[in-house]
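Worksheet: the structure to be examined is printed underneath.
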Amino acid sequence: MSADKKRVQFRAPDRLIDRTDALATVLGEDRTDILVTALREYLQDATHDDALTQEIAAAYYDDEISYDQLKSLVGAEEAANLRVLKQQLNEDFADDIAEQ
């Protein structure tokens with residue numbers, strides 16, 4: 001994991017934070033470790049969902065997210081495949097426009 005860290009602040013329901021604190025106590029960790037682990041696992045699971053992967057790809061094709069962001073979400077191999085497909089789609093679009 002990268003040593004670079006960014007401070008974030010968010011609001012969460014009291015009950016959720018109370019449960020997080022209780023688990024942190026049981027595991028001998030702090031709240032931040034529990035939240036980071038939960039977020040990491042959520043992102044990993046979410047990006048293996050086909051429907052979400054399609055939304056991520058669409059955001060990349062529409063230039064809403066960068067290639068680096070794409071790669072961080074879907075992994076290097078899938079990102080490379082999507083970049084090739086985007087290039088092909090752009091070339092096909094240019095060819096279609098040229099033929100009209």
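The values are calculated or read from the model by the stated rules, or taken from the named source; none is laboratory data. This one's a predicted model, so the numbers in the text were calculated from it and none came from an experiment. Quick reminder, even Gly has a Cβ in these numbers, built from the backbone with ideal geometry, and neighbours come from all protein chains shown. To get the accessible areas, we keep the full protein, side chains included, count just its heavy atoms, and leave off ligands, DNA and RNA. Shrake-Rupley method; radii C 1.70, N 1.55, O 1.52, S 1.80 Å.
Which residues, taken from the range 65-87, are surrounded by 10 or more Cβ atoms within 10 Å (Cβ to Cβ) and closer than 21 Å to residue 8 by Cβ?
65, 66, 69, 72, 73, listed by residue number.
Across the range 1-54, what is the number of residues that are open to solvent by less than 100 Å² (accessible area, probe 1.4 Å), modelled with pLDDT of 90 or more and assigned to a loop (DSSP other than H, G, I, E, B)?
Of the residues in the range 1-54, 5 are open to solvent by less than 100 Å² (accessible area, probe 1.4 Å), modelled with pLDDT of 90 or more and assigned to a loop (DSSP other than H, G, I, E, B).
Take residue 62 and tell me if it is open to solvent by 60 Å² or more (accessible area, probe 1.4 Å) and closer than 24 Å to residue 87 by Cβ.
Yes.
Would you say residue 71 is assigned to a helix (DSSP H, G or I), in contact with a helix residue (DSSP H, G or I) (Cβ under 6 Å, 6 or more places away or on another chain), among the charged types (D, E, K, R) and more than 26 Å from residue 5 (Cα to Cα)?
Numbers: assigned to a helix (DSSP H, G or I): yes; in contact with a helix residue (DSSP H, G or I) (Cβ under 6 Å, 6 or more places away or on another chain): yes; among the charged types (D, E, K, R): yes; more than 26 Å from residue 5 (Cα to Cα): no.
Taking the combined requirement at face value, the residue does not satisfy it.
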